[in-house]
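Colleague: I have a structure here, written as structure tokens, and I will follow up with some questions on it.
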Amino acid sequence: MKKLLSLSLATMLSFALVLTACGGGGSNNDAGSSSPASPSDSPSQSASAPASDSGSGEKVSLSFWTLFSGGDGDNMQAMIDEFNKTHPNIQVKNTKLEWGEYYTKLITAVGNGNGPDVGISHTSRLPDLIEQGVATELDDVAEGAGVDWSTINQNLLNATVVDGKHYAVPIDTHPFIMYYNKKLLKDAGVLGDDGKPVIEPGADGFVKFLTTIKEKLPKVTPFALSNSNDDPYRLWWALYSQQGGNDVISDDLKKAQIDADKGAKAAQYIQDLYHKYGVIKKNDPDFYKNFQSGTAAVMMTGVWATGIWESTKGLEFGAMPIPQIYDQPATWGDSHTIILPTTKNDDPQKRIAALTFANWLADNGQIWAKAGHIPSKPSVFDKQEFKDLPYRSDYVSVADTVKFNKPSTKNWQIRDLALFKYLNEVWANKMTPADAMTKMSAEIQKVLDQ
């Protein structure tokens, strides 16, 4: 087990970034995206572990560090309360940390021997936590906790497996999807009788859909999207992946390996939406507000926005996977996962209890889905409590098409220092997509060589 007595300044700063895997701050943030929840669901017991059994007759207390606030925080606390009620021999205490401080505090606490028994990690953060010795392998206690890995969506699970070992239990995925204003689409003549957008297949089909809205509704923004950073990058990653583009680094995680032609093609398509077709509002001060106020026909962002739109009075909207522009369905996404951090004693009884709790959270994703997230276990989709939630069933299929990055500790630096940097220049029409790919590749290699 790796020691954590010293942390590099670069690692600490990386984890202190306020830009999140789920939103990047501002209005684009999954942490506070839904109204407070008061679940009336009756969560099921884990089929693999009796409600009162922690692996022995003794009571086990678990400390659980989370980074959730707003609707997510309320939903998670509701789940913890229900678990504690139905598992009297396992009691979980939730400590809420601020998102911007969470990872730094987690690493530091574990290094000092004062970390929690259970923690949260985004899949995108997991490689760093493994490298730092924070996240432990789970296979030694999975059977004892009744975890059946085959019950978890394999696309989400595989992104948390490193060197053939399980390090986390995914409880969701929160991918990049498309929202649409039903009234505006109907007024533009591009809403079908089924209440869903009428979009012809392929790259030209989506352009035609947006330009039709522009022509029919000249005072409306056809496509609300940020002009920089997170969401246009997510769209680029989706379109790059739809072409079968490989990750931007090699399998050995040492070399830049961006497919320049596919990357440039995806970037050109998005640049044209901004400038050639003019269907995205330039310098939009708040593209969330643009859609929320009913002045934008379509917008793309993460599923955490579902809760925002649901609580917006008078907004008649729909949700769906982003259109398939190229060869195969694919999109950007991340996941919240449960990890068991390194502790002083690594008590086997506590570890079994902790993984029992993690498995129960995944089993009861119908509560967690209230914020918009897609539960990690497909069995949840068949629960009536989940079916009663509107919109979610319209995009659950996206869980199978999320394209995750390879498990590199440099992914976040690559995103910020290379991908955001040069793609922003493309969106501003200050750089050609081809030049951006060349510069991105060089910058990625520079990050990898550090």
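The values are calculated or read from the model by the stated rules, or taken from the named source; none is laboratory data. Every value quoted in this text rests on a predicted model; they were computed, and no experiment measured them. Note that we place each Cβ from the backbone using ideal geometry, even for glycine, and neighbour counts take in every protein chain shown. SASA here: full protein model, heavy atoms, side chains in, ligands and nucleic acids out. Shrake-Rupley method; radii C 1.70, N 1.55, O 1.52, S 1.80 Å.
Colleague: Can you pull out the residues in region 365-374 that are closer than 17 Å to Phe83 by Cα and in contact with a Phe, Trp or Tyr (Cβ under 8 Å, 6 or more places away or on another chain)?
Modeller: Listed by number, the residues that qualify are Gly365, Gln366, Ala369.
Colleague: A further question on this structure: State all residues of region 121-137 that are assigned to a loop (DSSP other than H, G, I, E, B) and either farther than 21 Å from Trp360 by Cα or at pLDDT below 95 (or both); if no residue qualifies, say none.
Modeller: First, the residues of region 121-137 that are assigned to a loop (DSSP other than H, G, I, E, B): 132-134, 136-137.
The answer is Gln132, Gly133, Val134.
Colleague: Which residues, counting only those in region 226-263, are of a type in the set (Phe, Trp, Tyr) and farther than 17 Å from Gly302 by Cβ? Walk me through how you get there before you give the answer.
Modeller: Keep residues of region 226-263 that are of a type in the set (Phe, Trp, Tyr), which gives 233, 236-237, 240.
Residue satisfying the conditions is Tyr240 alone.
Colleague: Continuing with this model, one more query. Would you confirm whether any residue within region 279-297 is under 21 Å from the mean Cα position of the chain (by Cα), modelled with pLDDT of 95 or more, polar (S, T, N, Q) and not in a helix (DSSP H, G or I)?
Modeller: no
Colleague: Another one. If the requirement is being of a type outside the set (Asp, Glu), closer than 30 Å to Ala353 by Cα and assigned to a loop (DSSP other than H, G, I, E, B), which of these qualifies: Gly189, Gly195, Gly146? Quick ask: steps written out before the conclusion?
Modeller: Values: Gly189 fails: closer than 30 Å to Ala353 by Cα; Gly195 fails: closer than 30 Å to Ala353 by Cα.
When all the criteria are applied, what remains is Gly146.
Colleague: Does any residue of region 331-348 turn out to be surrounded by fewer than 24 Cβ atoms within 10 Å (Cβ to Cβ) and in a helix (DSSP H, G or I)?
Modeller: yes
Colleague: Turning to a different aspect of this structure: Filter region 105-120 down to the residues that are under 16 Å from Arg351 (Cα atoms) and not in a loop (DSSP other than H, G, I, E, B) and list them by number.
Modeller: Of everything in region 105-120, those that are under 16 Å from Arg351 (Cα atoms) and not in a loop (DSSP other than H, G, I, E, B) turn out to be Val110, Val118, Gly119, Ile120.
Colleague: Of everything in region 179-208 that's more than 19 Å from Lys219 (Cα to Cα) and either of a type in the set (S, T, N, Q) or open to solvent by 30 Å² or more (accessible area, probe 1.4 Å) (or both), which residue is farthest from the chain's Cα centre (by Cα)?
Modeller: Here the residue is Asp193.
Colleague: Does Arg392 qualify as being of a type in the set (Lys, Arg), touching a residue at least 40 places away in the same chain (Cβ under 8 Å) and in contact with a Phe, Trp or Tyr (Cβ under 9 Å, 6 or more places away or on another chain)? Explain how you work it out, then say what you get.
Modeller: Working: of a type in the set (Lys, Arg): yes; touching a residue at least 40 places away in the same chain (Cβ under 8 Å): yes; in contact with a Phe, Trp or Tyr (Cβ under 9 Å, 6 or more places away or on another chain): yes.
The answer is yes for Arg392.
Colleague: When region 71-92 is examined, which residues are found to be over 25 Å from the mean Cα position of the chain (by Cα) and open to solvent by 10 Å² or more (accessible area, probe 1.4 Å)? Walk me through how you get there before you give the answer.
Modeller: Of region 71-92, the ones over 25 Å from the mean Cα position of the chain (by Cα) are 84-91.
Result: Asn84, Lys85, Thr86, Pro88, Asn89, Gln91.
Colleague: What pairs come up if the first residue lies in region 160-179 and is at positive phi and among the hydroxyl-bearing types (Ser, Thr, Tyr), the second is open to solvent by 10 Å² or more (accessible area, probe 1.4 Å) and not in a strand (DSSP E or B), and their beta carbons are under 7 Å apart, counting only those six or more places apart or on different chains?
Modeller: Pairs found: none.
Colleague: Inspect region 167-178 for any residue being open to solvent by less than 20 Å² (accessible area, probe 1.4 Å) and in a loop (DSSP other than H, G, I, E, B) and give the result as yes or no.
Modeller: Yes; the residues of region 167-178 include at least one that is open to solvent by less than 20 Å² (accessible area, probe 1.4 Å) and in a loop (DSSP other than H, G, I, E, B).
Colleague: Please specify each residue of region 282-316 satisfying the condition of being closer than 17 Å to Tyr395 by Cα, buried (at least 22 other Cβ atoms within 10 Å of the Cβ) and not aliphatic (A, V, I, L, M).
Modeller: Once the filter is applied, which keeps residues that are closer than 17 Å to Tyr395 by Cα, buried (at least 22 other Cβ atoms within 10 Å of the Cβ) and not aliphatic (A, V, I, L, M), region 282-316 yields Thr301, Gly302, Trp304, Thr306, Gly307, Trp309.
Colleague: Sticking with this structure for a sec: Just to check your reading of the model, which residue among Tyr326, Tyr269, Tyr274 is out of contact with any Lys or Arg (no Cβ under 6 Å at 6 or more places or on another chain), among the hydroxyl-bearing types (Ser, Thr, Tyr) and open to solvent by less than 10 Å² (accessible area, probe 1.4 Å)?
Modeller: Checking each option against the conditions leaves just Tyr274.
Colleague: Sticking with this one: Among the residues in region 233-242, are any in contact with a strand residue (DSSP E or B) (Cβ under 8 Å, 6 or more places away or on another chain) and assigned to a loop (DSSP other than H, G, I, E, B)?
Modeller: No, region 233-242 contains no residue that is in contact with a strand residue (DSSP E or B) (Cβ under 8 Å, 6 or more places away or on another chain) and assigned to a loop (DSSP other than H, G, I, E, B).
Colleague: What are the residue pairs meeting all of these: first residue in region 262-287, first residue closer than 13 Å to Tyr233 by Cα, second residue part of a helix (DSSP H, G or I) and of a type in the set (Val, Ile, Thr), Cβ atoms under 7 Å, and 6 or more apart or on different chains?
Modeller: Filtered contacts from region 262-287: Ala267/Val426; Gln271/Val426.
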